[in-house]
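Undergrad: I am attaching a structure below and will ask some questions about it afterwards.
The values are calculated or read from the model by the stated rules, or taken from the named source; none is laboratory data. These numbers were taken from a predicted model, which means no experiment stands behind them. Note: ideal-geometry Cβ built from the backbone for every residue, glycine included; neighbour counts use all protein chains shown. To get the accessible areas, we keep the full protein, side chains included, count just its heavy atoms, and leave off ligands, DNA and RNA. Shrake-Rupley method; radii C 1.70, N 1.55, O 1.52, S 1.80 Å.
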Amino acid sequence: MKGQRFSSLIGQSLRRNRRHFLLSGIGVIIGIATLFFFTSLGEGVRTTVLEDVFVIDQLEVVDPAAAAGMRRGGLFGGGGLTDHTVEQVRQIEGVKEVYPKMKLTFPSRASGGEALMGRNMGVEFIADGIPAEMAADDVSDILAFRDHDQPLSCADDEACPDGRDCIDGTCTPRSCDPRDRASEPCGEVGFCDRDTEICALPIPLVISPYLLEVYNGSIHTALRDSEGIGSRLPRLTEDMLVGFEFDIVFGHSYMGRSGDADSIRHRARIVGFSDRAMQLGATMPLPYVQRLNTEFSGEDAADHYHSLLVDTYRNEDVAPVAQRIEDELGLELSDRHQRAQRAGLLILLITLLFNVIALVILAVSALNITHTFSMMVMERRREIGLMRAIGATRRQIQALVVGEAAVVGLFAGAAGIALGIGAGFAVDAIFDSYVGHFPFKPDSLFAWSPWMFALGLTTAVLFCLIGALIPAVRAGRVEPAAALTGR
Amino acid sequence: MDLSARGLRRIYRSGELTTEALCGVDLTIKSGEFVAIVGSSGSGKTTLLNCLSGLDTSFDGEVKLGDLSLSQMSETELARFRHEHVGFVFQQFCLLDHLTALENVILPGFFGEGAGDGVDPFKRGRELLTRVGLGDRLHSRPPQLSGGQKQRVAVARSLFCNPSIIFCDEPTGSLDQDTGLSIMKLFEQLNREDEVTVIFVTHEPYIADMARRRIIVQDGRLIEDKSQTSVWPDDTGDSDEKLKEVAS
Ligand SMILES: Nc1ncnc2c1ncn2[C@@H]1O[C@H](COP(=O)(O)OP(=O)(O)O)[C@@H](O)[C@H]1O
Ligand SMILES: [Mg+2]
């Protein structure tokens, strides 16, 4: 039987038995809609949780001694994370780049905020440093994210940042009068340092989007209806914060002070938002942290990193790289990675559970298809007998029934997918209007990808085919002589 | 090609009950014959026809068309045999109601070679319908057609694959007398002009009279088999018949 004639026969039969086929397909439509709905929901939630909350494609190596709460160089003599460790990790296959991170090892505080919050506030300041190139792409401010105290070579004044002149091929800070507020001698982003009376540039900081989410989703929401200044706190956006400046006092905080040196006040400026920034704090270019740690905690502190961020070439490399970091180098991964894996697993399990329900619905509808198709085969016994009389083989008759089931499956699958998407949109809309903002609230709870459409269609067809198997065999067994004489 | 049966026996078994519908039939029908199989109800006419036409091969004995022995064919070969060599016309027409007359006629083409390679099935279908007098009802569906018209569609369908034999089981059984007669005329014409062998079953003597050979079956045996001159009632002129068909 040639394909084209075959499909036209199926088409004719489907058109005639529209209602039957619709009825038999409804179960499949519901089953596929369920399957599609929960698969895309699970995938959507997983993506949000893993990629935004836990940033799973990024590994963070921590110093095992430090992680265990012991001082570096203690019992295990691990020596912490040094440039040597960075080099070792970099050698692992699949590793694209390793970025060392170092925390400030002494107390500090930040103050300011009038421009944003309506009044000045002071908070503990927690920060770490990362190689400047890690966040370079995330910065949109006129103040670049790099070490501005590093001498810059130049050809003319144009090549130097604000408040610096090109002298003998090096950008040199201008001297200035801190009481002169009118002439802006230090340019747009520079400021006149009160103690040294020369122009300086603020320390560039990047902030984690997570922090903003936590502020907007939790702190702001919690304080919104409270009494006192909390209720007047604005909702913040990235745009509002980029370019925002405040003061940091290094070496002295509300909780403690550093014994080694006097505190230093310095200006800082938020220059962008980056996933690479620490989640509850601020992140500056590494050299600042190294210099500050040397000054407040001694030379030794500047050689030891607190963690290493590991970028892999592909997402699939994450697991094996993690394994080798732990097994071969004896290093530890931050528990964020483990939490991410656990969360991912949990979401996967829940998704699977609902998909099992979908499969049960589909199994029931396959039975329904068996029933309807058997009925149709009975009704069409005479017709099948005639087809056999005029030359149809058993196989052709079977193929006809199976083909009809496949087409029903395709249509039901497509309808089920459409229904699943529709339900997704509805849930998104309801979710959007009834659930307030919370950290990492996604635009959509669902993630629809091409493989789900393929899965939906194949599953639908598969279950229809399974359902039609017995009726097809029965149709093939129809004896033409008996069927035509009505026995 | 001649059709022959040797020692043909057919026993129906359903549970305890066995019915011997054919008990040893020997028969040869030559190519181009116009044969009536007659007998009372339950005498075994349909069974005989089914065994001869390859619809039913659960018989003992042998049925051959030329050198082809039906009992030795596989299911697939039998289907092919029916497709290529024989045409069927049934009392109940057996048309597919959801298809047009034309689609019904070309239906055999869906399952095999049809009229042969390079033949446009729709063109052939139109020619056949025109030949049986339904050139203007190509796209009507069976429910819109009269009994006689339906049977004409069935005849056109039976001719689609150029069969050498047409088997008709009570082709006039569902038609009134005049319409039945016109269908019989169609068969006679096909037999005469195209030399198609026509074997039909009837229990009405006056229809049997139109054949040139009459076989009488009783209790599964041939009790008479003789040639005869065909007798056509002369009170049914062509114009008359057309009128009645239009009216019905
Ligand atoms: N499929 C069958 N199962 C059981 N008995 C049958 C079957 N077909 C026919 N018979 C029996 O075989 C005999 C001949 O039937 P049939 O060939 O249909 O007769 P006719 O066509 O002459 O009326 C009858 O007694 C009938 O009851
Ligand atoms: Mg009969």
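Undergrad: Name the residue from B:GLY7, B:LEU190, B:LEU78 whose Cα lies farthest towards the positive end of the charge dipole of the stretch B:3-247, charges +1 on Cβ of Lys and Arg and -1 on Cβ of Asp and Glu.
TA: So the residue we want is B:LEU78.
Undergrad: Please give the charge dipole size of the protein assembly as shown, origin at the Cα centre, charges +1 on K and R Cβ atoms and -1 on D and E Cβ atoms. Round to the nearest 20 debye.
TA: Charge dipole of the protein assembly as shown: 4400 debye, to the nearest 20.
Undergrad: Give the long-range amide H neighbours of A:LEU81: residues separated by 5 or more places, or on another chain, with amide H under 5 Å away, using H modelled in the peptide plane at 1.01 Å from N.
TA: A:TYR305
Undergrad: Quick check: with the 1.4 Å probe, what order do A:ARG314, B:ARG82, A:ARG257, A:ARG16 take by accessible area, largest first?
TA: Ranked from most to least accessible, the order is A:ARG257, A:ARG314, A:ARG16, B:ARG82.
Undergrad: To the nearest Å, what is the center-to-center distance of the stretch B:46-88 and the stretch B:96-143, using C-alpha atoms only?
TA: 25 Å
Undergrad: Can you list the residues, at least 5 places off or on another chain, whose amide H is less than 5 Å from the amide H of A:THR170, using H built in the peptide plane?
TA: A:CYS154
Undergrad: With a 1.4 Å probe and every protein chain kept in, tell me what percent of the accessible surface of chain A is carbon plus sulfur.
TA: Taking all protein chains in place, chain A shows 56 percent carbon and sulfur surface.
Undergrad: Tally the DSSP beta bridges in the stretch B:3-247 and give the antiparallel ones as a percent, rounded to 5.
TA: If we restrict to bridges inside the stretch B:3-247, about 55 percent are antiparallel.
Undergrad: Suppose all protein chains stay in the model; what accessible area per residue would a 1.4 Å probe give for the protein assembly as shown, in Å²?
TA: 48 Å²
Undergrad: So what are the radius of gyration and Dmax for the Cα set of chain B, in Å?
TA: 17.9, 55
Undergrad: Now a separate question. Residue by residue through the stretch B:157-174, what is 3J(HN,Hα) from phi via Karplus (6.51 cos²θ - 1.76 cosθ + 1.60, θ = phi - 60°)? Round to whole Hz and write x for glycine and proline.
TA: 5, 5, 8, 4, 9, 6, x, 8, 10, 10, 9, 10, 9, 6, x, 9, x, 9
Undergrad: Suppose R0 equals 25 Å; then what is the FRET efficiency for A:ILE470 and A:LEU23 from their Cβ-Cβ distance, rounded to the nearest 0.05?
TA: 0.90
Undergrad: Considering the convex hull of the alpha carbon atoms of the stretch B:53-198, report its projected area averaged over all viewing directions, in nm², one decimal.
TA: 9.2 nm²
Undergrad: For each cysteine in the protein assembly as shown, check whether another cysteine's C-beta sits under 4.7 Å from its C-beta; list those where none does.
TA: A:CYS464, B:CYS23, B:CYS51, B:CYS94, B:CYS161, B:CYS168
Undergrad: In whole Å, what are the extents of the protein assembly as shown along the principal axes defined by its C-alpha atoms, from largest to smallest?
TA: For the protein assembly as shown, the Cα spread along each principal axis is 137, 57, 56 Å.
Undergrad: What does the extension gain come out to for B:ASP194 and B:LYS123, with contour length at 0.36 nm per residue minus their alpha carbon separation?
TA: 23.7 nm
Undergrad: Can you give me the Cα centroid spacing of the stretch A:161-211 and the stretch A:88-160 in angstrom?
TA: The distance from the Cα centre of the stretch A:161-211 to that of the stretch A:88-160 comes to 16 Å.
Undergrad: What are the ³J(HN,Hα) values, in whole Hz, obtained from phi via the Karplus relation 6.51 cos²θ - 1.76 cosθ + 1.60 with θ = phi - 60°, for each residue of the stretch B:123-132 in sequence order, with x given for Gly and Pro?
TA: Each residue's phi maps through the Karplus curve to give 5, 5, x, 5, 4, 5, 5, 4, 5, 8 Hz.
Undergrad: Another question about this same structure. Per the 1.4 Å probe, what fraction of the accessible area of the stretch B:1-82, in percent, lies on carbon and sulfur atoms?
TA: C and S atoms contribute 43 percent here.
Undergrad: For the A and B pair, go ahead and give the buried accessible area with a 1.4 Å probe, both sides summed, in Å² to 100.
TA: The summed interface area works out to 2200 Å².
Undergrad: Next up: Using the alpha-carbon atoms, what tilt in degrees (0 to 90, nearest 10) does helix B:75-85 show relative to the longest principal axis of chain B?
TA: So the inclination is approximately 50 degrees.
Undergrad: What residues of the stretch A:3-32 lose no less than 20 Å² of accessible area with every protein chain in place versus their chain by itself (probe 1.4 Å, heavy atoms only)?
TA: Buried by 20 Å² or more upon assembly, which counts only protein chains, are A:ARG5, A:LEU9, A:GLN12, A:ARG16.
Undergrad: So for the pair A:ARG342, B:VAL231, with labels modelled 7 Å out along Cα→Cβ, what separation do we get in nm?
TA: 10.3 nm
Undergrad: For the stretch B:55-84, list whatever residues lose no less than 30 Å² of accessible surface once every protein chain is in place, relative to that chain by itself, with the probe at 1.4 Å.
TA: Listed by number, the residues meeting the 30 Å² cut-off are B:LEU55, B:GLU75, B:ALA79, B:ARG82.
Undergrad: Just which residues of the stretch A:433-482 lose 40 Å² or more accessible area with every protein chain there, against their chain alone, with the probe set to 1.4 Å?
TA: A:ALA481
Undergrad: While we're looking at this one, here's another question. With only Lys, Arg, Asp and Glu charged, each at its Cβ (+1 for the first two, -1 for the last two), find how big the charge dipole of chain B is about the Cα centre; round to the nearest 20 debye.
TA: 200 debye
Undergrad: For A:ASP327, what accessible surface area do you get with a 1.4 Å probe? Give it in Å², rounded to 10.
TA: The value for A:ASP327 is about 100 Å².
Undergrad: To continue, here is another question. Go through B:LYS45/B:LYS123; B:LYS30/B:LYS185; B:LYS185/B:LYS226 and tell me which ones have a Cα-Cα distance over 24 Å in this structure.
TA: B:LYS45/B:LYS123
Undergrad: Set Lys and Arg Cβ to +1 and Asp and Glu Cβ to -1, take the dipole of chain A about its Cα centre, and tell me which of A:ALA481, A:LEU211, A:ALA423 lies farthest positive.
TA: A:ALA481
Undergrad: Largest first, how would B:THR100, A:THR485 line up by accessible area (1.4 Å probe)?
TA: Descending accessible area places them as A:THR485, B:THR100.
Undergrad: Using the charge dipole of chain A (Lys, Arg: +1 at Cβ; Asp, Glu: -1 at Cβ; taken about the Cα centre), state which of A:GLY187, A:THR458, A:SER153 has its Cα farthest towards the positive end.
TA: Projecting each Cα onto the dipole axis, the largest value belongs to A:THR458.
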